[in-house]
1. P(r) for the stretch 245-332, please, calculated from all Cα pair distances in 10 Å bins and given in %.
2. On average over all directions, what projected area in square nanometres does the chain have, based on the convex hull of its Cα atoms?
3. Give me the dipole magnitude in Debye, nearest 20, for the stretch 4-87 about the Cα centre, with unit charges on the beta carbon: positive for Lys and Arg, negative for Asp and Glu.
4. Treating the beta-carbon of each Lys and Arg as +1 and of each Asp and Glu as -1, no other charges, what is the dipole magnitude of the stretch 25-74 about its Cα centre, to the nearest 20 debye?
5. Taking the inverse of the average 1/r across all pairs of different Cα atoms in the stretch 4-87, what Kirkwood radius in Å do you get?
6. Enumerate the helices in the chain for which the Kyte-Doolittle hydropathy averages -0.5 or more and the C-alpha atoms extend at least 27 Å along the helix's axis, using complete DSSP H runs.
7. Magnitude of the Cβ-charge dipole of the stretch 45-158, K/R +1 and D/E -1, about the Cα centre, nearest 20 debye?
8. I'd like to compare 198-204, 297-303, 223-229: which one has the highest average count of other Cβ atoms within 10 Å, and what's the full order after that?
Amino acid sequence: MGSIYIQNNKDKYINFFSCCILVRGFERSTIYDIQRETIEFIPNTLIDFVEDIRGRKVADVLEEYKFNKIAKEYLIFLEKKEFIFYSSTASFPGLSDISINEDTSEILFATVVLSPHIYDNMDTFAKNIKQLGIRRLHLHIDNESCMEQLLEVLSALEYSRVINLSLSVPNQKINKRVYDNKRITSITLFNSPRKRSVKSNDIIKNYVTCDDSNLFLTRFNLYDIAISINAYNVAKNYNLALFKTIFIDGNGNIKHNFSDKNSHGNILDDFEEIKTNTVKKLSKLWNIKRDDIEPCNVCEFRYCCTTTYIPEKAKTGYKVNCNYNPYTAEFN
């Protein structure tokens, strides 16, 4: 049973890399490779197999499963994908938890719908974005000739703590000066005549044929996952999707997401008001982990999902109405 490499390590112990996180779902399971920042879909029985062989001698495992074809396939798969390794040591310490309180930002991620109201109060807007300590920022503009306005906003945010910028604008020619902003990672151009994706000046430009009415609808997609040690640690302690995340509409209202009917404050308010009251209101949902929400608690994506569903109280715990069904592993 097994490859030549496995046969040559009979006297060693099987270890599972600590940077690979096993997450059991209802219909299927996953392995989060947080070092490579990738995800691997696996059958639930593979988790049982890993839990059985972890820390055992190769020779003992080969003997026990010598007539089991599926076990052989699992072992070769785990070795090929570099999820396991062989060592003279039976066990290794797991990953240490990273403190999620090290970042002093009040808010980490914000989506902003820019409008004349915000342009007219740009100094206050930029000041509060800076003081909140926002790191990832998405700016949305629905003006078909918005390059000068966009450059004005980018200039106002030049000395902010933002390290990752993304944009969504109507299909148009992008001003060359926009590319000078090295923090911009992607631009979505909606109302495009055809769908395509190109990379220019290290910026990914996604051309989509739909209008902007569906851009911010709360729907889970596979590109809405975050595989990293930071994301995993946040997800184990908080709601990853809502934690220090806000949506700011054209009136400056601060919400949890595009569909949130409640306003928890305004980005043009006095900063101390935002820090003291708005953040306090928002944080009430940050503590509702996916493990406490149905059907998230049986979903294989629960520790990497960034889709901003707002949990509602249920008979027991909380629930969301997600377009992904973990009981069937299908999208609705």
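Every number here is computed from the coordinates shown, using simple stated rules; none is lab data. Since we're looking at a predicted model, the values are computed, not measured. Positions of Cβ are backbone-derived with ideal geometry, glycine not excepted, and every protein chain shown enters the neighbour counts.
1. 16, 42, 28, 13, 1
2. 20.0 nm²
3. Computed charge dipole of the stretch 4-87: roughly 180 debye.
4. Magnitude of the dipole: close to 180 debye.
5. Values: mean 1/r = 0.0764 Å⁻¹.
When all Cα pairs of the stretch 4-87 are included, the Kirkwood radius is 13.1 Å.
6. Numbers: long enough: none.
Helices meeting the criterion: none.
7. Numbers: 12 positive and 20 negative charges, 139 e Å.
Taking the Cα centre of the stretch 45-158 as origin, the dipole is about 660 debye.
8. Numbers: 198-204: 11.7, 297-303: 21.3, 223-229: 15.3.
In decreasing order of mean packing, 198-204, 297-303, 223-229 become 297-303, 223-229, 198-204.
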